[in-house]
Amino acid sequence: MDDAKLSKAAELLDAAWAAFEEDRNEALRAAALSKVFEVAFEYAWKSFKRRADDAGLEVYSPRDSIKAAAKLGMIDSPEVWNEFLNARNLSVHDDVGLDDERFAEVVDRFRIAVRELVDRGR
């Protein structure tokens with residue numbers, strides 16, 4: 001996968017995670033991590049969509065893109081990616097968001113999954 005935006009988002013996600021880990025109680029670091037997570041997720045599902053379109057699959061939503069990515073062998077576990085999608089949706093609508101510890105755990109797993117995705121494409 002040659003997706004410069006996703007690669008850059010993965011780098012930013014690693015940097016935001018490192019800053020967050022330095023002080024998990026710092027609101028600005030948590031907010032930055034949340035935003036970078038949301039952006040990285042958008043680039044990931046749109047990358048899935050482009051690949052699906054190229055393969056002739058009809059894809060209209062992030063959930064469709066995740067299914068297509070699994071079908072195309074881009075990801076191993078669509079269930080995990082659906083969990084990331086749900087966390088992204090909750091993050092965007094902060095009034096119903098995940099608790100801080102659960103959110104951090106999901107973002108860390110997403111960060112690792114995105115890094116694997118980017119590394120596979122090289």
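Please verify whether Glu22 is acidic (Asp, Glu), over 15 Å from Asp3 (Cβ atoms) and surrounded by fewer than 17 Cβ atoms within 10 Å (Cβ to Cβ), treating the condition exactly as stated.
yes
A Cβ distance below 9 Å, combined with a sequence gap of six or more or placement on separate chains, defines the contacts here; from the range 59-72, residues that are on the phi < 0 side of the Ramachandran plot and of a type outside the set (Lys, Arg) reach residues that are surrounded by 14 or more Cβ atoms within 10 Å (Cβ to Cβ) and outside any helix (DSSP H, G or I) in the pairs Asp64/Leu57; Ser65/Val59; Ile66/Ile75; Ala68/Leu57; Ala68/Val59; Ala68/Met74; Ala69/Ile75; Leu72/Leu57.
If you check Glu116, Glu58, Glu101 for being under 19 Å from Ala15 (Cβ atoms) and either charged (D, E, K, R) or in contact with a helix residue (DSSP H, G or I) (Cβ under 7 Å, 6 or more places away or on another chain) (or both), only one passes: Glu116. Scanning the range 47-103 for residues that are under 15 Å from the mean Cα position of the chain (by Cα), surrounded by fewer than 16 Cβ atoms within 10 Å (Cβ to Cβ) and in a loop (DSSP other than H, G, I, E, B) turns up Ser61, Asp76, Ser77. Within the range 11-24, does at least one residue satisfy the condition of being of a type in the set (Lys, Arg) and either closer than 24 Å to Gly121 by Cα or part of a helix (DSSP H, G or I) (or both)? The answer is no, given that none of the residues of the range 11-24 is of a type in the set (Lys, Arg) and either closer than 24 Å to Gly121 by Cα or part of a helix (DSSP H, G or I) (or both). The single condition from (1) of a type in the set (A, V, I, L, M, F, W, C); (2) surrounded by 15 or more Cβ atoms within 10 Å (Cβ to Cβ); (3) at pLDDT 95 or above that Leu33 fails is (3).
For the range 79-94, the count of residues that are in contact with a Gly (Cβ under 8 Å, 6 or more places away or on another chain), modelled with pLDDT under 95 and either among the β-branched types (Val, Ile, Thr) or within 22 Å of Arg115 (Cβ to Cβ) (or both) is nonzero.
The values are calculated or read from the model by the stated rules, or taken from the named source; none is laboratory data. No experiment lies behind these values; they were computed from the predicted model shown. Note that we place each Cβ from the backbone using ideal geometry, even for glycine, and neighbour counts take in every protein chain shown.
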